[in-house]
Structures are given as structure tokens and as C-alpha cells.
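The values are calculated or read from the model by the stated rules, or taken from the named source; none is laboratory data. Since we're looking at a predicted model, the values are computed, not measured. Here the Cβ positions follow ideal geometry from the backbone for every residue, glycine too, while neighbour counts run over all protein chains shown.
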Amino acid sequence: MKTYTVAELLEKNLVLQEVEVKGWVRTFRANRFIALNDGSTLNNIQCVVDFENLDESVLKRITTGAAVHIIGELTESQGKGQNVEIQVSKIDVLGDSDPETYPIQPKKHSFEFLRENAHLRTRTNTFSAVMRLRSSLSFAIHQYFNENGFYYMHTPIITGSDAEGAGEMFRVSALNAKNPPLTEDGEVNYKEDFFGKETNLTVSGQLEAETYAMSLGKVYTFGPTFRAENSNTSRHLAEFWMIEPEVAFMDLDGNMDLAEDFMKYVLKYVLEHNSDDLAFLEKRLLDEEKTKPQAERSEMSLIEKIKFVVDNNFKRVSYTEAIDILKNSKPNKKKKFKYLIEEWGADLQSEHERYLVEKHFKCPVILFDYPANIKAFYMRLNEDGKTVRAMDILFPGIGEMVGGSQREERLDVLKEKMAALDIDEQELWWYLDLRKYGTAVHSGFGLGFERLVMFATGMGNIRDVIPYPRTPQNAEF
Ligand code: 4AD
Ligand code: MG
């Protein structure tokens, strides 16, 4: 006798064979029908117990949340709602559950409540579907790069540099917090710290990825990144996962092509491999949208939105064009934006990004050639001397999904830029070396993995697409 997963039992045609399955009881109805789930699929398998042959004491222990081991015959189902079911011949309760206190009752729970019970929330349909999709997307990402000749590189998590220059870093230190060694000036003396210098958790693997691109050609990182930005929004995490490809001899146009091709590939992958979970999440989203006013409802369903992205070209628009559009837009003229767009050079806020993708273009948009002074130090300066070869990809419902650029490959220009921003050359000597020895045009981007998962699942809060979200004032679990 073989142990099967629920997915295998529902997929294979094993009718009449004796089978064995283990899982958790979702519901137990009429002392007869167990809906059993083991995480292998969204769907439950119905297990029918003949209570007359079952000990009263065992019967009582079959409660929502209990872990059970079932042996029985897989038969065609007599009832509606499923093709096959198990006629239970033997049932063992492996782990009891307390029906009085078990948090995941068979009813609708709020996402806030489930966040507080994140260790059990994947026992619900919504969260198991989201996390299976998250896993599937990760796999598709590795597959895409593998098929396209990229090497997977593990960039360090502890670093001494601030790649984005935003100063939003978590310090890594082994010093005694109460009584740290001090310098003569009374500052904390990091020379005596574990690494002999100040270190922090990485905000991006890009700078190290650049070094490998300049030898291995095409590389990518896919790892956790950390930002101590105090933004309590539905799109920000303090710990999030980022995919960062970096390619030698590729310019910004190539970078845009790569990003677009990559995103279409991974979204197509889940359309093809996760149809049950997507269908469930699509219905969930429709139900949620019904509670909103008509004007706020999406014109497309979840699967339609994903298909739309896969089948249509992203719109490529320069920052300058975008500013013109925004300046002349209704919400700007009627002073509906919180931050009014008055002149070229303004940093775009999420309200502007959302206007562009959701109202104006109604499709993913790649904005490029941003003003140099609102972007990071490493981006390549254009001939106009005021814009850089940056690109952001904006998605409907999400806003910024990708940030990338062509990198400044000219040593003198890069040094000037670093000096202007007060970035210590000594700290980044190895980064400058790349520009000294065999420098070349190269580009890359970073895709926020959780924002991609949000888009693919239709979940509205980034805390609900990562197992254990880290946000200001919250690091439970
Ligand atoms: O635009 P960002 O800051 O770009 C970089 O870090 C570059 N070094 C990437 C590169 O060129 N290799 O971040 C990239 C993406 C954003 O577009 C966004 O999707 C995501 O990372 N992101 C966040 N996601 C969740 N929570 C946060 N706090 C995020 N900050 C950025
Ligand atoms: Mg960005």
C-alpha cells in the first residue's frame, strides 16, 4: 500500500485501489464526511467514515485541525462536488486539535486576524494558494535564468556598503550594546567590532553582482534584502526578496527587453502550472471587489490581468514625457494629487505612478531617463548631463515593481559623481576597479519579489504574500 498526496489521489485514476493518505481535517460533517487537506493542492479529498464501525472515542477526536492517517478504498463519489472519495477502513488520529481554541475555524477570517496567526494561516485556502504560487514563481525565475545562460550568484547578506545610498540600513554588530568601546572622540569604535568596521544588512546585491557580470557575463541574485525605511504601507517590507540580474555588454534597451521578457515568462509559467490556485484567488478577489464602490473595481479579473501582461507590450515612456502627461492631467489641474507636479525634476510619488499605469496607459509602463539627482550614484549619465539611464517598471495596482539602470562604466564620471555625493572611494575601491580593468557597458535591474507575488495573486497587502512579514514594530515568529 502506498501513501499518496491528496493532489495525486485527485489527479490519478486510482479508483478501487486501497490507498493511504495523511493530512489535516478541514471539516467533519454529519459524523461522516471528512474534508482532508495536506497542502499538496487547494482541493480537499472527501473521506467517508462509517461511524457505526468506529469507536465513539475516535469519532470525537476527528475535529477541525486534527492530523489524521487514513487508509481506505478510493471510489467514484456518489455525492456532488467531487469525482472520487475515500471509503475509510482505518483512521488514526495522529495529532488532536482543540476545537474550542483552534484559531482556524471553518469560516471567513479577516486577514488581520490571520496575520496574527501566521503560523497557521497556510491552513486556509487563500494562504496555501498564495504560498504555492510564491513557490512556483521562485522556481520559474530560476528556470528562466537557467534557460537563458545566467549564473546564479549568492551575494553577501552582510556588507559594508550602502548600494542605494539611502542610508536605510540595519546595523550588524557584535559589540556590547550597553557598553561599546569608544574612540577618543566618544564615538562607537567599530574597529573593535566583529568585522573591524561598520557593517549592515544588504539593501541590494547589485554592486557585488556587477563584479561577477564583469567576468561571468550574465548573472543574477535572488535573495533577501533589508531596508530600515519607516514606511508602514501595503507595499513595503523591512525584509523582502529581490531578483537582480546583471549583464555585461548590455545597454538600457537590452535591460528593458530582458525585464519584460522575464516577467512575461514567469507569469505565463504560473498561468500554465497553477490554474487551481489562480482560479480560487480570482474568485476571492471578485468577492472582495464586490464590497467596493463600482468606480474602484477592476475592469479585469485576476487571470485576465495576468494574461494581459503576458500578451501585451509594456509601454516605454521617458521621464520627461511622463512629466508632461502628469502636468496636464486632470488630478494635477484640479489639485487632486497630494504632491502636485509643477516642474521637471520632481520625484514621482506612487499616486503619479498609479495615475500613469492605471488611468493613462492602462498597462505596465517602463519609465526611463530620470533626472540624475533623484536616482542612485551608479547610474550612467546621459549626454544631456542631467538625466541618467535609469528605468522603473510600473504595474497596475502595484506601482513600482522593478528598478534598474545601465551602470556608469566611465571611471572619471563615476568618481565625480561619488565625490559630489560624498561617497568614500576607499569603501568602494573594488567597485571602482571594475572601471579600471576592462570596463564595459553593463546593466541590470532589481525586481521586488513580493510585489510580483502580489500582482500574481491579487493580494492587496504585501504582508500577506511573505510567510512572516517584517515591518516597523513587528517581527513576530
Ligand atoms: O528600486 P530599488 O531600490 O533598486 C535597487 O535596489 C537596485 N540596486 C536594483 C538593481 O538595479 N539591481 O529596488 C528594486 C525593487 C523595487 O522596484 C521594488 O519592487 C522592490 O525592489 N522594493 C521593495 N519591496 C518591498 N519592500 C520594500 N521596502 C522595497 N523596496 C524596494
Ligand atoms: Mg526604485
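Descriptive notes on the structure:
- Single unsatisfied condition, T159 versus (1) buried (at least 16 other Cβ atoms within 10 Å of the Cβ); (2) within 22 Å of the chain's Cα centre (by Cα); (3) within 16 Å of ligand 1 (Cβ to nearest atom): (2)
- Here A346 does not qualify as surrounded by 14 or more Cβ atoms within 10 Å (Cβ to Cβ) and under 24 Å from the mean Cα position of the chain (by Cα).
- Among residues that are of a type in the set (A, V, I, L, M), within 16 Å of ligand 2 (Cβ to nearest atom) and either touching a Phe, Trp or Tyr at 6+ places or on another chain (Cβ under 8 Å) or not in a loop (DSSP other than H, G, I, E, B) (or both), V130 is not included.
- Evaluation of L302 against (1) touching a Gly at 6+ places or on another chain (Cβ under 6 Å); (2) farther than 21 Å from I374 by Cβ; (3) modelled with pLDDT under 95 (one fails), failing number: (3)
- Residue check for E450: part of a helix (DSSP H, G or I), of a type in the set (D, E), within 16 Å of ligand 2 (Cβ to nearest atom) and modelled with pLDDT of 95 or more: yes
- Residue within region 452-465 that is more than 16 Å from ligand 1 (Cβ to nearest atom), assigned by TED's automatic domain parsing to the domain that holds F240, under 27 Å from L278 (Cβ atoms) and not polar (S, T, N, Q) present: yes
- Of all residues in region 418-459, those being over 27 Å from H236 (Cβ atoms), surrounded by fewer than 19 Cβ atoms within 10 Å (Cβ to Cβ) and touching a Phe, Trp or Tyr at 6+ places or on another chain (Cβ under 7 Å) number 2.
- Flag if H154 is touching a Ser or Thr at 6+ places or on another chain (Cβ under 8 Å), outside any strand (DSSP E or B) and not assigned by TED's automatic domain parsing to the domain that holds H69: yes
- Reported count of residues in region 384-400, each being within 13 Å of ligand 2 (Cβ to nearest atom) and part of a loop (DSSP other than H, G, I, E, B), is 1.
- Those residues of region 203-227 which are surrounded by 20 or more Cβ atoms within 10 Å (Cβ to Cβ), aliphatic (A, V, I, L, M) and more than 10 Å from ligand 1 (Cβ to nearest atom), in sequence order: A213, M214, V219
- Selected residue (criterion: farthest from ligand 2 (Cβ to nearest atom)) from residues of region 373-383 that are in contact (Cβ under 8 Å) with a residue 24 or more places away in the chain and touching a Lys or Arg at 6+ places or on another chain (Cβ under 9 Å): L381
- On the stretch given as region 248-260, residues that are more than 13 Å from R316 (Cα to Cα) and within 11 Å of ligand 1 (Cβ to nearest atom) total 0.
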